[in-house]
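Working notes for the structure below.
The values are calculated or read from the model by the stated rules, or taken from the named source; none is laboratory data. If you're wondering where the values come from, they're calculated on a predicted model, not measured in any experiment. Using ideal geometry, Cβ is built from the backbone for each residue, glycine included, and neighbour counts are taken over all protein chains shown. All accessible areas refer to the heavy atoms of the entire protein, side chains included, with ligands and DNA or RNA removed. Shrake-Rupley method; radii C 1.70, N 1.55, O 1.52, S 1.80 Å.
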Amino acid sequence: MSATKSPAKIRPYEPGDLSTLLLMNNAAVPAVNELTAEELLDLVNQALVCLVAEVDEAPAGLLLCIADGKGYESPNYLWLCERLTSFAYTDRIVVDEHQRGLNIGDRLYAALFKLLAGSGRSFVCEVNERPPNPGSLRFHKNLGFEEIGRANNGDKSVVYLKRAPEPAP
């Protein structure tokens with residue numbers, strides 16, 4: 001199914017999304033870290049962009065980006081801040097397990113790239129190498145992300161990825 005035929009509508013986060021997105025996030029562990037409602041709301045409040053994919057009027061995916069220069073204490077974010085400026089860090093992208101295969105991740109990223117086109121911000125993220133997440137690594141590389149580094153964080157090791165800024169439309 002091509003991204004244009006995805007049933008997902010992409011829109012900004014709305015306060016009523018929190019409980020559904022929290023369940024979706026925590027069902028995706030260990031690809032993302034588990035959060036409490038307060039932690040997820042804090043991330044949403046810090047976000048440069050927080051997009052929600054909606055299918056049948058219900059949240060089906062989340063993409064949350066944080067700009068460089070924020071007080072976010074994630075070791076992965078701090079690694080990127082030490083090396084780069086002017087970026088949009090994808091802290092998490094999650095798709096409901098029952099909605100996978102509908103190109104929702106592609107649609108979320110397409111909306112992000114369009115939204116930040118011309119901003120000069122590069123797009124960065126990390127993908128777990130341990131525990132392995134080869135699907136996410138392949139997905140991001142297919143979107144044009146390239147490896148810029150690696151880190152061993154004890155129980156996890158990650159690959160850092162970067163995609164060039166989108167030109168102005």
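Computed values, structure above
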quantity: Residues of segment 135-148 classified as open to solvent by less than 40 Å² (accessible area, probe 1.4 Å) and among the aromatic types (Phe, Trp, Tyr), total; calculated: 1
quantity: Search result, residues across segment 116-138 that are under 20 Å from Ile66 (Cβ atoms) and not in a loop (DSSP other than H, G, I, E, B); calculated: Ser122, Phe123, Val124, Cys125, Glu126, Val127, Asn128, Ser136
quantity: Within segment 21-47, tally of residues that are within 16 Å of Asn76 (Cβ to Cβ), of a type in the set (A, V, I, L, M) and modelled with pLDDT of 95 or more; calculated: 3
quantity: Index of the failed condition, Gln99 passing every other in (1) modelled with pLDDT under 95; (2) within 20 Å of Leu161 (Cα to Cα); (3) buried (at least 18 other Cβ atoms within 10 Å of the Cβ); (4) not aliphatic (A, V, I, L, M); calculated: (2)
quantity: Count - residues of segment 18-55 that are over 27 Å from Pro132 (Cβ atoms), free of Cβ contacts under 8 Å to residues at least 12 places away in the same chain and charged (D, E, K, R); calculated: 2
quantity: The listed residue being closer than 20 Å to His98 by Cβ, acidic (Asp, Glu) and out of contact with any helix residue (DSSP H, G or I) (no Cβ under 7 Å at 6 or more places or on another chain), out of Asp42, Asp17; calculated: Asp17
quantity: Pick from segment 27-43, criterion out of contact with any strand residue (DSSP E or B) (no Cβ under 8 Å at 6 or more places or on another chain) and open to solvent by less than 50 Å² (accessible area, probe 1.4 Å), ranking: nearest to Cys65 (Cα to Cα); calculated: Leu40
quantity: Failed criterion for Ile93 (all others in (1) part of a strand (DSSP E or B); (2) out of contact with any Ser or Thr (no Cβ under 9 Å at 6 or more places or on another chain) hold); calculated: (2)
quantity: Test: residue in segment 69-86 that is in contact with a helix residue (DSSP H, G or I) (Cβ under 9 Å, 6 or more places away or on another chain) and either part of a strand (DSSP E or B) or buried (at least 19 other Cβ atoms within 10 Å of the Cβ) (or both); calculated: no
quantity: Hey, Gly154 in a loop (DSSP other than H, G, I, E, B) and exposed (fewer than 14 other Cβ atoms within 10 Å of the Cβ) or not; calculated: yes
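The rows are residues; the columns are (1) without any contact (Cβ under 8 Å) to a residue 12 or more places away in the chain; (2) of a type in the set (Phe, Trp, Tyr); (3) open to solvent by 40 Å² or more (accessible area, probe 1.4 Å).
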| residue | (1), (2), (3) |
| --- | --- |
| Glu57 | yes, no, yes |
| Gly61 | no, no, no |
| Arg92 | no, no, no |
| Arg130 | no, no, yes |
| Arg150 | no, no, yes |
| Val158 | no, no, no |
